[in-house]
Structures are given as structure tokens and as C-alpha cells.
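Some notes on the structure that comes next.
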Amino acid sequence: LDRAWREGRSYDLAQLIADIQKPPLDKVGVLPLESFFPAKERFELAMTVNALLAAPGFEVWLKGTPLDVQQLLYTPDGKPQIAVLSIAHLSDAERMYFVSLLLNQTLAWMRTQQGTSSLRAILYMDEIFGYLPPTANPPSKKPMLTLLKQARAFGLGVVLATQNPVDLDYKALSNIGTWLLGRLQTERDLARVLDGLEGIAGGIDRQELTRLLSGLAQRRFLLHNVHEERPVLFESRWAMSYLAGPLTRDQIRKLKMPTTAGAAAPAAPTGARTTPGAGAAPLADAALPILPAEIPVLFGPGGGARAWSGAILAQGRVHFQSPDAGWSFTREVARALPISAGEALLVDWADSETIDAAGLSEVAPDGARGFAPLPAEATRAKSFDSWAKSFKDYLARAEELTVYSSRELGESSKPGESEGAFRARLGDLARQRRDAEVDKVKDRFAPKFTALDERMRRAEAKVADQKSQATAQKFSTGASVLGALAGALFGRRKLLSSATFSRATTSVRSASRSMKESRDVGLAEEGVETVQTRVAELNSELAAAVAAVEARSDPQALPLTAKALKPKKADVEIVRVGLIWLPQSST
């Protein structure tokens, strides 16, 4: 495994079984291989691994979409997408295996990303029960705790859902920054939540929170953010769902049918390669042709094949460099051109196919027979020297490296980075720029909101003052009118004496002042409405400014400049040109 890693070769279980029986080493430390690990014991280990590979239940794990987090989060053209992974149909052991594998893959992907303060992706897991327990240590616990502790630094959010907080490890609760809590009725759940909140916030009112969490109605939740001073109660909107429950495997298959029906047929595995242009089928017992030692001979994967056809193998390296950006990049190229004894041998590398050089071997598979005859040119070493020169010319003409750049963000793609991967990376930079610009916009609007808040405070205070004065004046007017009427009706003097007339006049003036105070209250309330209207207008202006910033920061809308770099002939290096035997398909 270490040697394959250092050589950059891909590895599979079939190759592992072969290497267990015949390891590519003679010693382990200072001990001979046969003393350290005899052939008999190596064969038993190989049989154990082969039993796993041959098990019918294991075959399904080797099919389907690769568990690549980058492919789950982004489409090939770099657009973000949602990936839903259902494990309802798996057994408990298989669920734990898959969840642990997914979490470790997410952790490995996360560590390849650049740190950021913007949200890059969200990992949401419903019903965390059993995967993050308080005492046991299942395989899923360690990567989940690591994500809760470190993921925020890489822009990865983790959202977990459970019905019973007591089933979660306290170390996990202490690393959760945002809590959405529904009604909790058991004392253990309440105690675990309160302990977790107290550990990260401190100074909470346990009695008040206990009362709130025990009496929450449906669709009402308590929101606690560690960056806020106090929790907030909110109510979720009504939602209608036509989903009766977890989907069955048949239902999931029906959901995938529109996607898979129009998709291209899956690529044939390497061991089932079809060789176009081959001549007549070889004899079933034809032995391997003998060639000069100067001609490299290799074999493709397919130990069980009974028919093999020849092809010209050419391997080379193409070096690209950008003096302006200060980088260099080397691309490994391996091409195979099928040949046949019954046809004229015209070497045109444009008709060749790209192959995976990692699975090639210099040793013929055991029991391999059925090799097709070769044309005479393919048995002479000078022919391969001529083909090497033509292959070098072909690579200098055909190979190119496309480099993308974004003038808006001042970034260029890395060597070999596709446009989709580059746009996905630009998304992180665009979000950081968006967040910075949004903060600037909010800072620009902050003084205006502060001034409006002060105006609103003064206007509301004026309304309250005018209402108080109007109420007092109404009482005074009422008292004056009643006094004047009482004096006129029950006084000893004449009905229209000067004193009575004076009191009546005073009552009229008091009533006039009361009407004026009422008008002042109305004017003050109009002032509050004016401020409220201005606040709404300012909020709309802020929302429009933020929307404009977000539109400018959309990575899919950013214009990219594509530049194709062509290599010089001196930058092309021929590794080898030889003959390769490829297994023919049975069809």
C-alpha cells in the first residue's frame, strides 16, 4: 500500500490479493520475506480477502456513485447541489459502517479546504441517536466530535437533530453554538440541555429555562445563540408534507429513474475493455508471441480473459509552465492504438485511446492464452523508434492545458483544475468578499438607523407627553363646565350674573385648549408614523444594497477568461513506446 501510494498508483482489492501472494519486496526489515511471512500464511490471508470480495452482499458496495464529497456538493460544472443519503434500508452494522465512512471522508475533504469565516457547506444528519453516545465509542463518534470542534474554521456547518438530548455526548453539546429546542418533558433531557447551555453560556436562569422548555406548545421553539445575550422564543410556519414516512428501496429507485433513464450508459470496467479495430478472433490456445528484448511488452488487467489483442502503447510526459504565475505542471499521458495482422498498419495517434497506466503489468497473467497474431511491423524494434518520434510530434500538437482566470477576484485556476472545480473554489472567495461588502453596507446604514431610532424615541416620548397633557386638559375642561352649570342652576344669584358668565367663558376656553391638545396628539402620532415609514424605506434600501452585493458575488455569474497553453516540442518527454496486450470482451 505504501509503495502504491508513493508511486501514485490507484489500488483495488484484486491488486491487493495479487500482491499479498507475491509482494513486491524481498525483506521485511532485515528478515527474509519467507521467514517473516511464509507463502502458506500469505495464501490464507489472500483467501480471506478474496472471500470478502466474492461475497454477494459486498458487491453492492463496489457500485454506484463514488463517495467523493466534492462530487456530492458540486455538479461537474461547479454548481452547488444537495445530496441526500438514505440509510433506512441498511442493517445497524451497515449503517454504522457507512456513517463512519461518510464522516471520515467529509473530514478528509474538509482538511483540503482553505480556512474561511463564510459558510461553505452544511452537513445535516437527522436522528443522531446511537452515533454520538455519551459513554460508548462507536466508529462514528471520533470523526463527529472532530467535525464539531474544527469544521467551523473551514466554513463547514454541522446540523444535528435528536429527540432526546440525553443521548448525546457532553463534549459534543459544549461545541454546539446554536440550539433550537422544542418541548422537553423528561428531567434527564432538561438537565442535559441546561448543563450544556450553562457550560457554553454561563449565568443562565435554570428555573426560567426549565419553565419555558416544559411548557412550549407545538411549533414553538427556544432559540439560543452563544453570540446573543439571551434566548429567543419563535414559532415555525405551518408546513404541509405528502411524505408518509421513510422511503422504501423501491420508492427511492422510482425517484432516481428520471435521472438514470437519460444518463449515458456506465463505463465498462477496466477488466472488460473492448478493443475496436481488432481483426479475426485469436485462437483460444495461441501462445504469447516472442518479440525482441528491445520492445517493451505490457499486459492490461484481465487475468481471466481468454482472448487478447495487441496494441501500440505510448507513454509520455507533457510539461506546462507559466512564467507569469510562477508554476509548472506535468501531465502523464498513456495512449493505446489497436493493431491487427490482417489490416494495413497506419499509425495515426488521433485514433488512439487513453488508458490507465496504473493497472498495467510487465508480467503475463497466469494461464493467459489466446493471443492474436501481430503484423510484421510490430515485431521490429525500429518500428517502435519511429512511432516514438511520431507520438512526440502528436503530443506537441494535440496536448494543451486550459487555465481559467477571474478578473473580478484576481484568481487563476490551478494547473489541471477544471472549470467546475475552479468555480467551486471561487465560491468560497466570492462569499468572503460578499460578507465583507455586506458588512460595509450595514456599517454605512448603521448611523442612519441610529438617527432614526433616536427620532423614534423622541417622537414616541412626545406622543406620550401630548396624550398626558390632553388627558389632564380634558379633566380640567370637564370640571370647568360642570362648575359653570352648577353655579347657573343652583346658585343664589341671578342666572346670568357676571360671575356665572365668567365661569362659562373659562369653560369654553378650557374646551378650546382641550381640542388643541387633541390636535397636538394627532400631530405627534403623525410624526411617529413618518419615522416608521422612513425606517421601512431604509430597510428596503438596505435589502436592495445587500441583494446587489450578493448578485455581484455569485460565482456562477462571474466571467472567466480561458487561456489554452500549448507545450513546446522540447517540453514533451517520451517515457516508452511498446506493445500492450489488452483483453477482448466476450461480446
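The values are calculated or read from the model by the stated rules, or taken from the named source; none is laboratory data. These numbers were taken from a predicted model, which means no experiment stands behind them. Here the Cβ is made from the backbone with ideal geometry for all residues, glycine too, and neighbour counts use every protein chain on show. Please note that ligands, DNA and RNA were not included when accessible areas were found on the heavy atoms of the full protein model with its side chains. Shrake-Rupley method; radii C 1.70, N 1.55, O 1.52, S 1.80 Å.
So, restricting to helices (runs of 4 or more DSSP H) that lie completely within region 22-79, which ones have at least 1 residues that are within 30 Å of Y124 (Cβ to Cβ)? The helices (runs of 4 or more DSSP H) meeting that bar are 56-59, 69-73. Filtering A398, A451, A430, A464 for residues that are open to solvent by less than 70 Å² (accessible area, probe 1.4 Å), at pLDDT below 80, small (G, A, S) and over 30 Å from R120 (Cα atoms) leaves a single hit, A464.
Residue-by-condition table, conditions (1) among the small types (G, A, S); (2) modelled with pLDDT of 65 or more:
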| site | (1), (2) |
| --- | --- |
| G262 | yes, no |
| A272 | yes, no |
| I295 | no, yes |
| F299 | no, yes |
| S328 | yes, yes |
| V333 | no, yes |
| A336 | yes, yes |
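Just one of the listed residues (D126, D205, D189, D169) is touching a residue at least 24 places away in the same chain (Cβ under 8 Å) and open to solvent by 80 Å² or more (accessible area, probe 1.4 Å), namely D126.
To keep it simple, each residue is scored yes or no on (1) part of a loop (DSSP other than H, G, I, E, B); (2) open to solvent by 70 Å² or more (accessible area, probe 1.4 Å).
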| position | (1), (2) |
| --- | --- |
| T112 | yes, yes |
| I122 | no, yes |
| G130 | yes, no |
| P133 | yes, no |
| A136 | yes, no |
| P139 | yes, yes |
| K142 | no, yes |
| L145 | no, no |
| L148 | no, no |
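Among residues that are buried (at least 17 other Cβ atoms within 10 Å of the Cβ), in contact with a helix residue (DSSP H, G or I) (Cβ under 9 Å, 6 or more places away or on another chain), closer than 18 Å to H224 by Cβ and in contact (Cβ under 8 Å) with a residue 40 or more places away in the chain, L181 is included.
Is it the case, given these coordinates, that A14 is hydrophobic (A, V, I, L, M, F, W, C), farther than 30 Å from L132 by Cα and open to solvent by less than 80 Å² (accessible area, probe 1.4 Å)?
It is true that A14 is hydrophobic (A, V, I, L, M, F, W, C), farther than 30 Å from L132 by Cα and open to solvent by less than 80 Å² (accessible area, probe 1.4 Å).
Return the only residue of A153, A161 being under 24 Å from R431 (Cα atoms) and touching a residue at least 24 places away in the same chain (Cβ under 8 Å). None of the other options fit; the residue is A153. Checking each residue in region 349-380 for being among the β-branched types (V, I, T) and either touching a Cys at 6+ places or on another chain (Cβ under 9 Å) or part of a helix (DSSP H, G or I) (or both) picks out only T379.
No other residue among A286, A239, A244, A267 is open to solvent by 90 Å² or more (accessible area, probe 1.4 Å), of a type in the set (A, V, I, L, M, F, W, C) and modelled with pLDDT under 70 apart from A267.
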